[in-house]
Amino acid sequence: MCTPRSSKQGGKSPRETRVEMVELVLPNDANTMGNVLGGRVLHWIDMAAAIVAHRHCRSEAVTASMDEVSFLAPIRVGQMALIAARMTYVGRTSMEIRVDVQSEDLLSGERRQTSTAYLTFVAVDKSGHPVPVPPLILETEDEKREARAAEARRAERLEEHDRTPREMEQR
Ligand SMILES: CC(C)(COP(=O)(O)OP(=O)(O)OC[C@H]1O[C@@H](n2cnc3c(N)ncnc32)[C@H](O)[C@@H]1OP(=O)(O)O)[C@@H](O)C(=O)NCCC(=O)NCCS
């Protein structure tokens, strides 16, 4: 039997928790032009990120935010959506996960990047209260660079989060 290297208390690397999913786009996933619906892609992104978050913290976890997502190219009915998700940063109770979406044509094999998303999940207990997560072990230079960029994104996100209720009150 294979024993996981890290314990619940110990840190985990992005390699240990990464997720790759493949979805074949069917007519029920598409709009009237035969392109995948944006909402369907967002669902796949959320699912992939949720699995990464759960693999890292091994507790309940909820989506706290999803940064702005663009759809750079359509994914057509009959093409595949390749969804790759990995942990980029962890705070005390929160985790940032990057999700990349590519299209792959079944016949030609051509791949195109269609979206990149950053999501924040928060580990919670059964009552929904945030709980600490294990540290992230950064193994490669790319991972260290991504974690530094994540700190800047986190600062911006929290600033926006603080500002939003005040702006709503002023309306
Ligand atoms: C996410 C949630 C648990 C945060 O609860 P909270 O009481 O605001 O928690 P705190 O202020 O103690 O913050 C906990 C962590 O979440 C982070 N956080 C809170 N709101 C955030 C947001 N909107 N975006 C990014 N991170 C956020 C904080 O920075 C903190 O991170 P850290 O511990 O790593 O420093 C709570 O807002 C919630 O349950 N939201 C609903 C989640 C949900 O139902 N999602 C499904 C889709 S609707």
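The values are calculated or read from the model by the stated rules, or taken from the named source; none is laboratory data. What you see is a predicted model; the values in this text were computed from it and never measured. Counting neighbours? That spans all protein chains shown, and the Cβs are built from the backbone with ideal geometry, glycine included.
Residues that are away from the ligand (no atom under 14 Å from the Cβ), at pLDDT 95 or above, more than 22 Å from Val19 (Cα to Cα) and out of contact with any Phe, Trp or Tyr (no Cβ under 8 Å at 6 or more places or on another chain) are absent from the stretch 154-169. Residue check, Ala117 against (1) more than 13 Å from the ligand (Cβ to nearest atom); (2) under 30 Å from Gly10 (Cβ atoms); (3) touching a residue at least 40 places away in the same chain (Cβ under 8 Å); (4) surrounded by fewer than 18 Cβ atoms within 10 Å (Cβ to Cβ), all met but one. Which one? Condition (4) is where Ala117 drops out.
Within the bounds of the stretch 81-89, is there any residue that is near the ligand (Cβ under 10 Å from one of its atoms) and under 19 Å from Ala50 (Cβ atoms)? Yes, because at least one residue in the stretch 81-89 is near the ligand (Cβ under 10 Å from one of its atoms) and under 19 Å from Ala50 (Cβ atoms).
Of the candidates Val52, Val62, Val99, Val131, the single residue that is in contact with a Cys (Cβ under 9 Å, 6 or more places away or on another chain) and either modelled with pLDDT of 95 or more or within 16 Å of the ligand (Cβ to nearest atom) (or both) is Val131.
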